Amino acid sequence: MGHFVALDDLSVLSLTIIDAADTLGVSTASVRNWIKAGYLVSTDRGCITRDSFDGFIENIAGQEKLIARANKSQKDGHDHGALSSRFRLLVKQEEFDSQRIGDEYQASLSNTYRNQEGVYYTPDWIIERYFADLPADRRALTFCDPCCGSGNFILAALDQGFAPENIFGFDVDPVAVAITRRRILERTGFDSPNIQRADFLKASLQGRPPRFDVIFTNPPWGKKLSKAQKQSYAIQFAAGSSSDTCSLFFCAALSRLQPGGYLGFLLPDAFFNVAAFADARGRALALDIKSLMDFGKPFPGLVTKAKGIVLQNQANRNQPIVCEGLTDTAVRTPASFQQNPKAILNFSCSPQAAAVIAHLYEVEHLTLADHGRFGLGIVTGNNKKYCVASPRAGYLPVYKGADLQPGLLRKPSVFIPTDFSLYHQVAPEELYHAPEKLIYRFISSRLVFHVDTAQSYFLNSVNMLIPAPEFPITGQQLCQLLNSRVMNWLFQSIFETHKVLRADIGVLPIHTKYFEQHEEFDEAAYANFLGIEETIEGDYRIKGRGKGA
């Protein structure tokens, strides 16, 4: 078991509580608790005796319960510099439990640091899945993890038969790099110079960087970069408009991949279904995708879903793609994704559902991206300050998402001051004052629309759509189509989201021709018009095709 090492001069007789907390990388509250528990001895001046502190480091601080308490206390407020210094000293010790220290370091990172750097370490059970698509003989292949952290992917590569001298890793965190190198040394006796403290994005633009046969990683999710940095990297790595750090690392890794090489990334759910990532998805679909995997929510405290992709750096030959959902596995063709709007990788959809989606887009339709104007609800910036539950002089009623039902608007439950200059964001007032507009829930897994003719206002949990004057059906008819079971099935099958985004509504097929044949809207008649039929399970199939078609 490794011990924590004091960083300051051992010749003094005492040290302050602040110095002790900084040295141990914990909060001052934890140090005070250890004084109360008798682990540390305080002086008359409120300091800690050097003898008790040294004894604490030597005999107590490595115990798991204390470290767990310390880690918990520093989750959101620790000094990362002090934490880094402490763990770098630990890595240099002769007696070093690399797995335990790696786990402790991961657990010690504050939420602030994780969010800033996009750091979420990958569970072993996820890592193991990535190697299933590789050829059996891996000894001569080179392996790289561009964001190696404390080395989980790299240790798995060793277990999977990669030679230690053929394994490369990059990370900007010096502690993570040191832990990874030490883990390789312990496992193989090889002190690898190939694990480097470096920014993979920057390194990939310098000189003629080497290429690798296999690149697997969990890139930083939403790492904070300036807009100028994102735009520059997006241009240089041919990422198009996909400038999130996930996309940038994905495209940078493609630039470092050998012809015929394998790339595997663990990515947030948004990469697979949000319009902003469309260009990166397009690059993936141009190549030979082997597998798409859904891992659910594997990161404690993080609500974002995680999904995986493995592809081979060779041209797409429309070979089957293995699609692993949380409960079922299916096989889809690349063409079934390419036909989706924005090349969305909705791989939880069955092949039968994908065929229905393609069919619905083949039926003559219009899209609202070309025939509508969208507006966002009011962002007050401080709902507690401005929102009240009952009418007042100088206040106006506004609606929330909870007030909106399909084709129905409840009485307003919130009132805000009429002075719009108070708020962070307000759409142009002519949109609110439109004689007729469609309003819809923003946070929702289904489409919930209502036709508003009362020039209503609403908060940002509701957004609005005003069809173009030349749009061939009425607002009420459009509302009926959007609220329909067919359109909700289509929306959920393609986007798999809990947010109703303007970009998603804009690409839905609006089958206006239905109302040339029918005066009233009817679910069964609409499905029949489209040439589909609803199944007992609530899905759809193309009429004339059996259940297994």
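The values are calculated or read from the model by the stated rules, or taken from the named source; none is laboratory data. What you see is a predicted model; the values in this text were computed from it and never measured. A quick note on method: Cβ atoms are made from the backbone with ideal geometry, for glycine too, and the neighbour counts reach across all protein chains shown.
Report yes if some residue within the stretch 144-151 is over 21 Å from C246 (Cβ atoms) and hydrophobic (A, V, I, L, M, F, W, C); otherwise report no.
The answer is no, given that none of the residues of the stretch 144-151 is over 21 Å from C246 (Cβ atoms) and hydrophobic (A, V, I, L, M, F, W, C).
Suppose we filter A276, A234 for residues that are surrounded by fewer than 20 Cβ atoms within 10 Å (Cβ to Cβ) and of a type outside the set (D, E); which single one remains?
A276
From the list R208, R182, R197, which residue is at pLDDT below 95 and closer than 18 Å to D159 by Cα?
Of the residues listed, the single one that is at pLDDT below 95 and closer than 18 Å to D159 by Cα is R182.
Condition (residue is at pLDDT 95 or above, hydroxyl-bearing (S, T, Y), assigned by TED's automatic domain parsing to the domain that holds C387 and surrounded by 15 or more Cβ atoms within 10 Å (Cβ to Cβ)) applied to the stretch 519-537: is it met by at least one residue?
Within the stretch 519-537, one or more residues are at pLDDT 95 or above, hydroxyl-bearing (S, T, Y), assigned by TED's automatic domain parsing to the domain that holds C387 and surrounded by 15 or more Cβ atoms within 10 Å (Cβ to Cβ).
Is it true that some residue in the stretch 443-455 is charged (D, E, K, R) and without any contact (Cβ under 8 Å) to a residue 60 or more places away in the chain?
Yes, the conditions are met somewhere in the stretch 443-455.
Given the residues Y361, Y432, which is the only one that is more than 20 Å from V448 (Cβ to Cβ) and touching a residue at least 24 places away in the same chain (Cβ under 8 Å)?
Just one listed residue meets the conditions, Y361.
Counting only residues that are outside the structural domain of W221 (by TED's automatic domain parsing) and surrounded by fewer than 17 Cβ atoms within 10 Å (Cβ to Cβ), give me the helices (runs of 4 or more DSSP H) lying completely in the stretch 308-423 with at least 1 of them.
It comes to 351-362, 383-386.
Being touching a Leu at 6+ places or on another chain (Cβ under 8 Å) and within 24 Å of A358 (Cα to Cα), is that true of even one residue in the stretch 529-539?
Scanning the stretch 529-539 turns up at least one residue that is touching a Leu at 6+ places or on another chain (Cβ under 8 Å) and within 24 Å of A358 (Cα to Cα).
Looking only at the stretch 415-442, which residues are within 16 Å of L396 (Cβ to Cβ) and not hydrophobic (A, V, I, L, M, F, W, C)?
P417, T418, D419, S421, Y423, E429, Y432, H433 - these are the residues of the stretch 415-442 that are within 16 Å of L396 (Cβ to Cβ) and not hydrophobic (A, V, I, L, M, F, W, C).
Inspect the stretch 446-456 for any residue being basic (K, R) and touching a strand residue (DSSP E or B) at 6+ places or on another chain (Cβ under 8 Å) and give the result as yes or no.
No, there is no match, as no residue in the stretch 446-456 is basic (K, R) and touching a strand residue (DSSP E or B) at 6+ places or on another chain (Cβ under 8 Å).
Can you tell me how many residues within the stretch 435-445 are over 23 Å from H498 (Cβ atoms) and touching a strand residue (DSSP E or B) at 6+ places or on another chain (Cβ under 6 Å)?
Residues meeting the conditions: 1.
Scan R256, R281 and give me the residue that is in contact with a helix residue (DSSP H, G or I) (Cβ under 6 Å, 6 or more places away or on another chain) and not small (G, A, S).
After ruling out the rest, the residue left standing is R281.
Can you tell me which residues in the stretch 141-170 are surrounded by fewer than 24 Cβ atoms within 10 Å (Cβ to Cβ) and in a helix (DSSP H, G or I)?
Within the stretch 141-170, N152, L155, A156, L158, D159, P164, E165, N166 meet the criteria.
What pairs come up if the first residue lies in the stretch 184-202 and is within 30 Å of C251 (Cβ to Cβ), the second is surrounded by fewer than 15 Cβ atoms within 10 Å (Cβ to Cβ), and their beta carbons are under 8 Å apart, counting only those six or more places apart or on different chains?
From the stretch 184-202, the pairs are I184/D191; S192/E165; N194/E165; R197/P174.
State the number of residues belonging to the stretch 481-496 that are touching a Pro at 6+ places or on another chain (Cβ under 7 Å) and not in a helix (DSSP H, G or I).
0
Considering only residues that are closer than 13 Å to I443 by Cα and either at pLDDT 95 or above or surrounded by fewer than 16 Cβ atoms within 10 Å (Cβ to Cβ) (or both), which ones fall in the stretch 477-500?
Residues satisfying the conditions are H498, K499.
Mind checking which residues of the stretch 184-213 are part of a strand (DSSP E or B) and in contact with a Leu (Cβ under 6 Å, 6 or more places away or on another chain)?
D213
Table: residues versus (1) over 20 Å from the mean Cα position of the chain (by Cα); (2) of a type in the set (S, T, Y).
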site: V310; (1), (2): no, no
site: E324; (1), (2): no, no
site: T333; (1), (2): yes, yes
site: I344; (1), (2): no, no
site: E364; (1), (2): yes, no
